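The values are calculated or read from the model by the stated rules, or taken from the named source; none is laboratory data. Being a predicted model, the structure only gives us computed values, none of them experimental. Ideal geometry is used to build each Cβ from the backbone, glycine not excepted, and the neighbour counts take in all protein chains shown.
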């Protein structure tokens, strides 16, 4: 008859056996993975971040696109290896344009429509990007006559634009936000441009048509034209408070037609007008002039004049006037040898062009020495 024998293992022995088995498993894993740092990861794929700030407006017969120079990858790293930027354009009949996007899916469908119905009208390489860089922005101009020559212009059309960055061994970013433009006839420039220079600036006046506003552009001594009004001027006059004296300035104007939805159409510039703005205007008269007797000498003080380069300080005693300093650069003077009796000190501010202010004065009476 078979005999069964059972052996009981103490609880502590069981725990030791389990720990011993776990130790050998850990050792085995450590041996087989010796020299390895873990599961190898795939190399990072660098792609330029999608442009989201593209904007467009019409200036004369050109569509002007502006956006920030791409500077980041989708992973948030600096983008230093841009190879090209592609400019997309699609022309759609106005009545067949999809409604404005409401969701992310709508925006994605619009990008797919632009890629399907549009074309790349420009591929900007390094030289092309350098030519359109304006500070931190890129500014691209599309001649609207180009699409008029290739599109049936019967009826109204809308133009869609988008941009796409190519970098990192020809990898393409996602298409940017889509901007739209309804081409319109540009408004005529303002008429009767007139300029007048004064001590506090140059007055610019013109005659403008109804329902139009005006942009003012300026050039100094034949340099490039720059816009000096951030927003269009509603009216027929504007004062330029930033035109420095002692230079020649030229001005020209553009009409702006505002459309529904905030879009604007800029017209061609007017014929320029030029004006000399010589520095013939005196600086402000010094203020708060005080005479302080200090024993046997007199200290004269006054407030700083903003546009003064130097000061002329004189002392008057009776009918006699003596210039104590012709080109003083400080705002105080010490008269070490004043005369006795009533003294009048005169302070005149002088600017860089040699213009002199009206004199300011203070009076002090110096007694006999004891």
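Would you check if there is a residue in segment 88-96 being free of Cβ contacts under 8 Å to residues at least 24 places away in the same chain and either assigned by TED's automatic domain parsing to the domain that holds residue 160 or surrounded by fewer than 16 Cβ atoms within 10 Å (Cβ to Cβ) (or both)?
Taking segment 88-96 and keeping what is free of Cβ contacts under 8 Å to residues at least 24 places away in the same chain, we get 96.
With the extra rule that they be either assigned by TED's automatic domain parsing to the domain that holds residue 160 or surrounded by fewer than 16 Cβ atoms within 10 Å (Cβ to Cβ) (or both), the set shrinks to 96.
Yes, there is a match, as at least one residue in segment 88-96 is free of Cβ contacts under 8 Å to residues at least 24 places away in the same chain and either assigned by TED's automatic domain parsing to the domain that holds residue 160 or surrounded by fewer than 16 Cβ atoms within 10 Å (Cβ to Cβ) (or both).
Taking the residues in segment 205-218 that are surrounded by fewer than 17 Cβ atoms within 10 Å (Cβ to Cβ) and in contact with a strand residue (DSSP E or B) (Cβ under 6 Å, 6 or more places away or on another chain) as candidates, determine which candidate is farthest from residue 273 (Cα to Cα).
207
Tell me which strands (runs of 3 or more DSSP E) are completely within segment 248-294 and hold 3 or more residues being closer than 25 Å to residue 193 by Cα and in contact with a strand residue (DSSP E or B) (Cβ under 6 Å, 6 or more places away or on another chain), or say none if there are none.
On the way: elements: 264-266, 273-277, 290-294.
Where strands (runs of 3 or more DSSP E) fall fully within segment 248-294 and carry at least 3 residues being closer than 25 Å to residue 193 by Cα and in contact with a strand residue (DSSP E or B) (Cβ under 6 Å, 6 or more places away or on another chain), they are 264-266, 273-277.
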* Structure fact -> All conditions in (1) modelled with pLDDT of 90 or more; (2) surrounded by fewer than 16 Cβ atoms within 10 Å (Cβ to Cβ); (3) under 23 Å from the mean Cα position of the chain (by Cα) are true of residue 271 except (3)
* **Extreme residue, nearest to residue 252 (Cα to Cα), among residues of segment 194-204 that are more than 27 Å from the chain's Cα centre (by Cα) and surrounded by 15 or more Cβ atoms within 10 Å (Cβ to Cβ)** => 195
* Structure fact -> Of (1) touching a residue at least 12 places away in the same chain (Cβ under 8 Å); (2) out of contact with any strand residue (DSSP E or B) (no Cβ under 6 Å at 6 or more places or on another chain); (3) closer than 30 Å to residue 268 by Cα, residue 72 fails just (3)
* Taking the options 170, 141, name whichever one is in contact with a strand residue (DSSP E or B) (Cβ under 7 Å, 6 or more places away or on another chain) and on the phi > 0 side of the Ramachandran plot. => 170
* Check 263, 306 and return the single one that is over 20 Å from residue 244 (Cα atoms), under 39 Å from the mean Cα position of the chain (by Cα) and in contact (Cβ under 8 Å) with a residue 12 or more places away in the chain. => 263
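What number of residues within segment 149-174 satisfy the criterion of being at pLDDT 70 or above and farther than 15 Å from residue 46 by Cα?
Final tally of qualifying residues: 8.
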* Is one or more of the residues making up segment 184-193 on the phi > 0 side of the Ramachandran plot, under 29 Å from the mean Cα position of the chain (by Cα) and not assigned by TED's automatic domain parsing to the domain that holds residue 118? -> no
* To do: Specify which of the listed residues (114, 109) is in a helix (DSSP H, G or I), at negative phi and free of Cβ contacts under 8 Å to residues at least 24 places away in the same chain.
  => 109
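Within segment 307-370, which strands (runs of 3 or more DSSP E) (wholly inside it) include 3 or more residues that are loosely packed, with under 14 Cβ neighbours inside 10 Å?
Details: elements: 310-317, 320-328, 332-335, 341-350, 360-366.
The strands (runs of 3 or more DSSP E) meeting that bar are 320-328.
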